[in-house]
1. Identify the residues of the stretch 759-784 with backbone N under 11 Å of a label point that sits 7 angstrom from the Cα of residue 799 along the Cα-to-Cβ direction, or state none.
2. With an 8 Å Cα cut-off and a minimum separation of 6 or more residues, compute the relative contact order for the chain in percent.
3. For the stretch 654-771, what relative contact order do you get, as a whole percent, if you take Cα pairs closer than 8 Å and at least 6 residues apart?
4. Of all beta bridges DSSP finds with both residues in the chain, what is the antiparallel percent, to the nearest 5?
5. Would you mind checking the radius of gyration and Dmax of the chain based on alpha-carbon positions, in Å?
6. What's the ranking of 935-943, 464-472 by average number of surrounding C-beta atoms within 10 Å, highest first?
7. Give the whole-number value, in cubic angstrom per residue, of the convex hull volume spanned by the C-alpha atoms of the stretch 56-269.
8. Going by a ≥ b ≥ c, the root eigenvalues of the Cα gyration tensor, does the stretch 725-836 fall in the rounded group (a/c under 1.5), the prolate group (a/b larger than b/c) or the oblate group?
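FYI, it's all coordinate maths here, none of it is from the lab. Worth saying up front: this structure is predicted, and the values here are computed from it rather than measured. Note that each Cβ is placed from the backbone with ideal geometry, even for glycine, and that neighbours are counted across all protein chains shown.
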């Protein structure tokens, strides 16, 4: 029997290859479920860990020395503890450290600083003065800390541990001044902040770390000393299957028995929190991949069923002859199915390799770098499932032919069959109805997610029945009118059940293709929107700027044409237990730089004009201030003072008292200490005498304002208004005319009343996303804390669904005006909760990091819209939807192949029919048009039905499927199709089917000659 099977395979090589390929496809589709799922999970893990900064993925192990114990062996004992756990081998590159927080004296001001030893620290420092050698009683100090404290090499600095009780400062010699070679090198510097010069959020002054190069140099600071080792996580060696073991090992880490007593090992690591977020995404992948892969597997089995049914029908005469020779049923079955069964078994390892190869190629092309196929036991289980399903499909396809009588098997003209509704058909309809209902009700269980595939099956069954009805109606009409062309076309559609099966297959394939393409199109569109929401520009540089003024100066210097760069300041406030962001941007540059879903081009220009209305320039005064004023009256228990509010560069605003008010015309003056290069005059007014709490009343007119250079052109301008801190119940009259600035108030119980020279609009124009941060969510005017920390008056000039880089609860305002307002309250350089950024177009970003560094802005991090899109394309929704797209394309390929194969399998009898018709006088043109009509019906109708069903499925199901990973502040999802993906996919499907039909017609025409009827058939 095996020899007969082998000869049959050689005799029918084309058919054998097709069966082999279909069985391989079924196995590959089955293997895709676990293999692609594992690869996608690994990709998600790699991407998430790579997106973290190196500090977040590092491991720090340390012990706190609170007593006089020997600590020199602690790092080695930590290394021993790590080495005993195999799962910990993914942590590499250990760096030993010792650090203790100290209090310092002897400089310009007392401060705090880390005194630290770090292994090989000299390789990461650049010595400005002195040598990189600091033993006991010696330290290395950073350049900026030395300048601030006015230290030089050779000076002494007093140091003691902040946890030391009744411990005096000990003098240490500064033996070197350093600068970090790369302060942002988190791989070396680890999880501790060594370079934090400046005040902390509580106002405590800190210096950069004071380094020693010998561990013994820190011996005297026992209290609060931390001794430990920093490790790097080797991402290339980390596999998703190792995570649980690593987390368990982290929980078991401890200093070995017999080591230093009194020490407890502390594990500082963020891996657990990161993994929890990753697990949510991996759960989405595990839930979605089978929903997509299983229908594709079923489709492969269905195609195999159709092909085997057609091939077995073609071999019916051979099977009839085998029965005539007296072969038993088992032998006939082996003769009929042996070739297919052998090919299916042989296809299992080949399909396994094909599926794994597809996953490997996909991983190389679209998944995270380093992702590869993971071969696990259940992969072979899915391959076995594919084998069983393929065998059952073959048995089901051949059962009817094998049970037919011999005479039926030997007849050339196929008998007419009926398409009977069965339990499977009814079950498919019931499941589709249930899935659609659950989708409409908002459920997202597995049945609901199978709605596209179930709707495709129902649409296919309905299309097949509609086609049969159309064929019968048109056949009767053709007979009445005597249309040979229609009769030839419709009789094939009416009699041949394989046409209806192909219609089901084509409809399912086109539905899945349309749905997959529509889902991917919408997902891609929303990824672009989300990238714009998250970044707001092509490239974002987070920088370390002293204040908004420095940021704007650098941006103007690097981009004088204002067409490529934009400075941005972001602050976060809390309202209603949620974050509310204020994004202050150089709005005159928005139209060229900003990427905003709600505003584009000319609309951004109009919005920029609303956010930045014309205002006067700030007024600068130097060295001294002299004011001439006429006082009508000034009533208080103690003399009122004429006051001027100024802002010295780099400092908070301060009030200058110019002298007590005297009735009549007088001159008032004061020296402006610190204003040698110019201070900003921001206000004039009246202040109570210190210690006086009486109500105040006054009326005066400021006639002139002068500094060392002469008259200051500030009077007569209508930009004088009460400050934002003036109580609402106080009447403060301000009148600026050509003759001067008139100020008046009566019975005001306030310490001072200042008229502010406004160089920014009040209220400040803003674009609002989300409800207003106010008692009335629909308010268009409200007060809300701004960058300076005080309530500021805002006016909503426009609303948006999302503010770029701000989210769905945010304000967008002008940066220049925000700085001008903030300067009247506080020096923003002391605020540590402000983020400064430079937004750039793709063209302007070339070498921008180096240019920003050269201009004095340290680049802290960089992100780009393209990188954001790349990361989003590997997040769980995109990974699942990409499989939808691949499944749709694979379904179309299977359907086109099935059309070609079933047409080829029946080509012998069709050529005989065509030859007989030609011999009877039917013209070629009639045969050609009948073939076009036939194929137009059973190919064209599924195309239309499948496309419509796919779009309906997309409309129903996609709102229940995550198209993007939505985080806090993410903008709304838009369900909108583009003009390329769906039309392009349908055009490709039409082209593939047209080529297939053309090839079938050409093959039929070549062999349909009268010679076939004289025994010359080929």
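1. Once the point is set 7 Å along Cα→Cβ of residue 799, 768-772, 777-780 turn out to lie under 11 Å by backbone N, inside the stretch 759-784.
2. 15 percent
3. 29 percent
4. 85 percent
5. For the chain, the Cα-based Rg and Dmax read 40.6, 136 Å.
6. Order by mean packing, descending: 935-943, 464-472.
7. Enclosed volume per residue, from the Cα hull, is 124 Å³.
8. Numbers: a/c = 2.10, a/b = 1.73, b/c = 1.21.
Judged from the Cα gyration tensor, the stretch 725-836 comes out prolate (a/c at least 1.5, a/b above b/c).
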